[in-house]
Amino acid sequence: MKNKLKVLLSATLMSIIALAFVACDDDEVELASLYVTVDVADSFSGLSVSDMYVYVTNTVDGGVDSALTDASGIATFLDMAPGTYNVSATMELTAEEAGAASGYYEEMTLNAVENNVELLGGFEQETTITLDGEASSSLVIKEFYYSGANDPTYSILFKDQFVEIYNNSDEVVYADGLYIANLAPSTSGSDANDVPLGLDLTEYVYAQKILRVPGSGTENPIQPGESIVICLNAVDYTNGGANADISVDLSDADFETYAVDWLESLGRTGNAYFDLDNVDVPNMECIYLNIENYGWFNFTTEGASVAIFRNDNFTVETVVDPRVETPVYSNYMVKIAVDDIIDGIDMMVNAETGDFKRLPSSVDAGFNYVEGTAYTSQSVRRKVAKEVDGRKILQDTNNSTNDFEVIDLATPGSFGN
């Protein structure tokens, strides 16, 4: 009898333990559901949003799930692990499809994005993403090197930064009068005290620094499939090849930045230590710099954003950074109309900092980032979509998440081959 009772007690105890483990497992793996509705911007009509893929990307581990929309444009994601996700969808339009939908007969890529969607275990979440976009640009940002050199001596730092602009069309394009803007805010979630800019990005974006390519209109041609390199300092930072594995030779750049003389002409002070002048390389025209003294036209090394734009009647109109209560010189930014932007890309610190985007989805629906936070020698370069008669045509879907790749060492003026 005692043995039978002992067996019964043991069985009961095992059952209780098993149930406890099941209950624990249920608590640990309680899943979520997400329902994504795909909409289309008012500027496009007659487009079907059924049977298109929607993607959700986990911001922590980079895992991607996809689902097709139903007849109502809703994509359903069941049994999702709780967490934070970036949601996106893309629609490719031929020139004929774009013309029928918008009146502009050019190939287009429409993007829809919602970043940092929170999914809680045991709950259902709904979100709506809106497809929008513009025709591909003739000039595109081919490469953006902002992270700085992985130099243990810290002698190079960010002084080898550059932006490369590529002619993606089959006709000559002149760079004269092209503006380049370093967008605000310079920080992109790298600090716990950071907060997003807080200004609406529908009609305007906001710049901390603006430069312009010199020329009267036809002095600086960019041939089809070629580019111009605009650098901070036109210097050979490889040190004759000794540092070729961590930096680049910019002595043959097309343009460099130089603010010392300009700042002094305004009664301000430049910084000759970081801002060097190679007399053999033309200087960009200085338009705006939100550092009163000892400033220069560099990018932050922890996720910068750059845009190129044109406006023959552009004037500097400043607004104050809404994140600060008592603004100083550096808190003033210049308004740039979104309609003037030719191309722009957002670089962030990591996958979780999408709230710090400085560009609307119509310009750059996504964002990208290098692997480290700063001084990695890594660069971001636009992917090659195809080649036509030996001319590289670069991928331009207005989504830097898809269009750019991270490379271990910058390749100014080339593709590393």
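The values are calculated or read from the model by the stated rules, or taken from the named source; none is laboratory data. All values reported here derive from a predicted model rather than from experimental measurement. Cβ atoms come from the backbone with ideal geometry, glycine included; neighbour counts cover every protein chain shown.
If you check A272 against the conditions, is it free of Cβ contacts under 8 Å to residues at least 24 places away in the same chain and farther than 30 Å from G354 by Cα?
Yes: the conditions hold for A272.
Please tell me if Y237 is more than 30 Å from K392 (Cα to Cα), crowded, with 17+ Cβ neighbours inside 10 Å, in contact with a strand residue (DSSP E or B) (Cβ under 8 Å, 6 or more places away or on another chain) and of a type in the set (S, T, Y). Spell out the reasoning first.
Details: more than 30 Å from K392 (Cα to Cα): no; crowded, with 17+ Cβ neighbours inside 10 Å: yes; in contact with a strand residue (DSSP E or B) (Cβ under 8 Å, 6 or more places away or on another chain): yes; of a type in the set (S, T, Y): yes.
In short, no.
I'm trying to understand the selection: among the residues of the stretch 102-113, which are without any contact (Cβ under 8 Å) to a residue 60 or more places away in the chain and out of contact with any helix residue (DSSP H, G or I) (no Cβ under 7 Å at 6 or more places or on another chain)?
We begin by selecting, within the stretch 102-113, every residue without any contact (Cβ under 8 Å) to a residue 60 or more places away in the chain; these are 102-108.
Listed by number, the residues that qualify are S102, G103.
When you check S66 against the structure, is it out of contact with any Lys or Arg (no Cβ under 7 Å at 6 or more places or on another chain) and either at pLDDT below 90 or assigned by TED's automatic domain parsing to the domain that holds S361 (or both), yes or no?
Details: out of contact with any Lys or Arg (no Cβ under 7 Å at 6 or more places or on another chain): yes; either at pLDDT below 90 or assigned by TED's automatic domain parsing to the domain that holds S361 (or both): no.
So S66 does not fit the description; no.
Those residues that are surrounded by 20 or more Cβ atoms within 10 Å (Cβ to Cβ) and not in a loop (DSSP other than H, G, I, E, B), I need them from the stretch 160-179; list them, please.
Let us first name the residues in the stretch 160-179 that are surrounded by 20 or more Cβ atoms within 10 Å (Cβ to Cβ), namely 160-168, 173, 175, 178-179.
Answer for the stretch 160-179, where residues must be surrounded by 20 or more Cβ atoms within 10 Å (Cβ to Cβ) and not in a loop (DSSP other than H, G, I, E, B): F162, V163, E164, I165, Y166, N167, V173, Y179.
Say whether the condition of being more than 30 Å from S227 (Cα to Cα), without any contact (Cβ under 8 Å) to a residue 60 or more places away in the chain, polar (S, T, N, Q) and in contact with a Ser or Thr (Cβ under 6 Å, 6 or more places away or on another chain) is met by at least one residue in the stretch 285-297. Outline the logic, then answer.
Step one: of the stretch 285-297, the residues more than 30 Å from S227 (Cα to Cα) are 292-294.
Retained after the next criterion (residues that are without any contact (Cβ under 8 Å) to a residue 60 or more places away in the chain): 292-294.
Next, only the ones that are polar (S, T, N, Q) stay: 293.
If we keep only those that are in contact with a Ser or Thr (Cβ under 6 Å, 6 or more places away or on another chain) as well, we get 293.
The answer is yes, given that some residue of the stretch 285-297 is more than 30 Å from S227 (Cα to Cα), without any contact (Cβ under 8 Å) to a residue 60 or more places away in the chain, polar (S, T, N, Q) and in contact with a Ser or Thr (Cβ under 6 Å, 6 or more places away or on another chain).
Here are some residues: K392, K386. Which one is free of Cβ contacts under 8 Å to residues at least 60 places away in the same chain and surrounded by fewer than 24 Cβ atoms within 10 Å (Cβ to Cβ)?
Numbers: K392 fails: free of Cβ contacts under 8 Å to residues at least 60 places away in the same chain.
Just a single option satisfies the conditions, and that option is K386.
In the set N182, N243, N193, N298, which member is surrounded by fewer than 19 Cβ atoms within 10 Å (Cβ to Cβ) and either part of a loop (DSSP other than H, G, I, E, B) or polar (S, T, N, Q) (or both)? Give the steps one after another, and end with the answer.
On the way: N182 fails: surrounded by fewer than 19 Cβ atoms within 10 Å (Cβ to Cβ); N243 fails: surrounded by fewer than 19 Cβ atoms within 10 Å (Cβ to Cβ); N298 fails: surrounded by fewer than 19 Cβ atoms within 10 Å (Cβ to Cβ).
Result of the check over N182, N243, N193, N298: N193.
Within the stretch 302-321, restricting attention to residues that are touching a residue at least 60 places away in the same chain (Cβ under 8 Å) and more than 22 Å from the chain's Cα centre (by Cα), which residue is nearest to G189 (Cα to Cα)? Quick ask: steps written out before the conclusion?
Quick first cut of the stretch 302-321, residues touching a residue at least 60 places away in the same chain (Cβ under 8 Å) only: 302-312, 314, 316, 319, 321.
Right, trim to more than 22 Å from the chain's Cα centre (by Cα) and you get 311-312, 314, 316, 319.
Details: N311: 31, D312: 34, F314: 31, V316: 27, V319: 22 Å.
Among those residues, the one meeting the criterion is V319.
Quick check on this structure: which one of A184, A192, A207, A259 is of a type in the set (A, V, I, L, M), without any contact (Cβ under 8 Å) to a residue 24 or more places away in the chain and in the same structural domain as A374 (by TED's automatic domain parsing)? Step through it out loud before you land on a result.
Working: A184 fails: without any contact (Cβ under 8 Å) to a residue 24 or more places away in the chain; A207 fails: without any contact (Cβ under 8 Å) to a residue 24 or more places away in the chain; A259 fails: without any contact (Cβ under 8 Å) to a residue 24 or more places away in the chain.
Within the list A184, A192, A207, A259, the selection yields A192.
Does I345 meet the test of being within 13 Å of A304 (Cα to Cα) and surrounded by 23 or more Cβ atoms within 10 Å (Cβ to Cβ)?
Values: within 13 Å of A304 (Cα to Cα): yes; surrounded by 23 or more Cβ atoms within 10 Å (Cβ to Cβ): yes.
Answer is yes for this residue.
Find the residue count for the stretch 246-295, including only residues that are among the charged types (D, E, K, R), over 20 Å from I180 (Cα atoms) and outside any loop (DSSP other than H, G, I, E, B). Can you show your working first?
Step one: of the stretch 246-295, the residues among the charged types (D, E, K, R) are 249, 252, 254, 256, 261, 264, 268, 275, 277, 280, 285, 292.
From what's left, over 20 Å from I180 (Cα atoms): 249, 264, 268, 280.
From the residues that got through so far, the ones that are outside any loop (DSSP other than H, G, I, E, B) too are 249, 264.
Final tally of qualifying residues: 2.
So which of L201, L211, L157 is assigned to a loop (DSSP other than H, G, I, E, B), out of contact with any His (no Cβ under 9 Å at 6 or more places or on another chain), closer than 20 Å to L289 by Cβ and not small (G, A, S)? Steps first, please.
On the way: L201 fails: closer than 20 Å to L289 by Cβ; L211 fails: assigned to a loop (DSSP other than H, G, I, E, B).
Exactly one of L201, L211, L157 is assigned to a loop (DSSP other than H, G, I, E, B), out of contact with any His (no Cβ under 9 Å at 6 or more places or on another chain), closer than 20 Å to L289 by Cβ and not small (G, A, S), namely L157.
Could you tell me whether any residue of the stretch 33-55 is closer than 20 Å to F123 by Cα, modelled with pLDDT of 90 or more and over 28 Å from the mean Cα position of the chain (by Cα)?
There is at least one residue in the stretch 33-55 that is closer than 20 Å to F123 by Cα, modelled with pLDDT of 90 or more and over 28 Å from the mean Cα position of the chain (by Cα).
Could you check how many residues of the stretch 114-149 are among the hydroxyl-bearing types (S, T, Y), buried (at least 23 other Cβ atoms within 10 Å of the Cβ) and in a strand (DSSP E or B)? Can you show your working first?
First, the residues of the stretch 114-149 that are among the hydroxyl-bearing types (S, T, Y): 127-128, 130, 136-138, 145-147.
Next, only the ones that are buried (at least 23 other Cβ atoms within 10 Å of the Cβ) stay: 145-147.
Filter once more, so that each one left must be in a strand (DSSP E or B): 145.
Selection size over the stretch 114-149: 1.
Being free of Cβ contacts under 8 Å to residues at least 24 places away in the same chain and either under 19 Å from S43 (Cα atoms) or not assigned by TED's automatic domain parsing to the domain that holds P196 (or both) narrows it down to one residue among G73, G99; which is it?
Values: G73 fails: free of Cβ contacts under 8 Å to residues at least 24 places away in the same chain.
None of the others qualify; the one that does is G99.
Within the stretch 395-417, take every residue that is among the polar types (S, T, N, Q) and either free of Cβ contacts under 8 Å to residues at least 40 places away in the same chain or in a strand (DSSP E or B) (or both) and give me the one that is nearest to D236 (Cα to Cα). Before you say what the answer is, go through the steps one by one.
The first filter runs over the stretch 395-417 and keeps only residues among the polar types (S, T, N, Q), leaving 395, 397-402, 411, 414, 417.
Next, from what is left, pick out any that are either free of Cβ contacts under 8 Å to residues at least 40 places away in the same chain or in a strand (DSSP E or B) (or both): 395, 414, 417.
On the way: Q395: 30, S414: 16, N417: 19 Å.
Ranking the candidates gives S414 first.
List every residue pair whose Cβ atoms sit under 7 Å apart, with the two residues 6 or more apart in sequence or on different chains, where the first one lies in the stretch 323-336 and is touching a residue at least 40 places away in the same chain (Cβ under 8 Å) and the second, anywhere, is of a type outside the set (A, V, I, L, M, F, W, C) and assigned to a loop (DSSP other than H, G, I, E, B).
Note: pairs meeting the criteria are R323/G198; S330/N290; N331/D321; Y332/N290; M333/N290; M333/D321; V334/E317; K335/E317.
Checking N290 against (1) over 30 Å from G366 (Cβ atoms); (2) touching a Lys or Arg at 6+ places or on another chain (Cβ under 8 Å); (3) of a type outside the set (F, W, Y), which test does it fail?
(1)
Might you let me know whether the stretch 355-367 holds any residue that is of a type in the set (A, V, I, L, M, F, W, C), in a strand (DSSP E or B) and crowded, with 23+ Cβ neighbours inside 10 Å?
no
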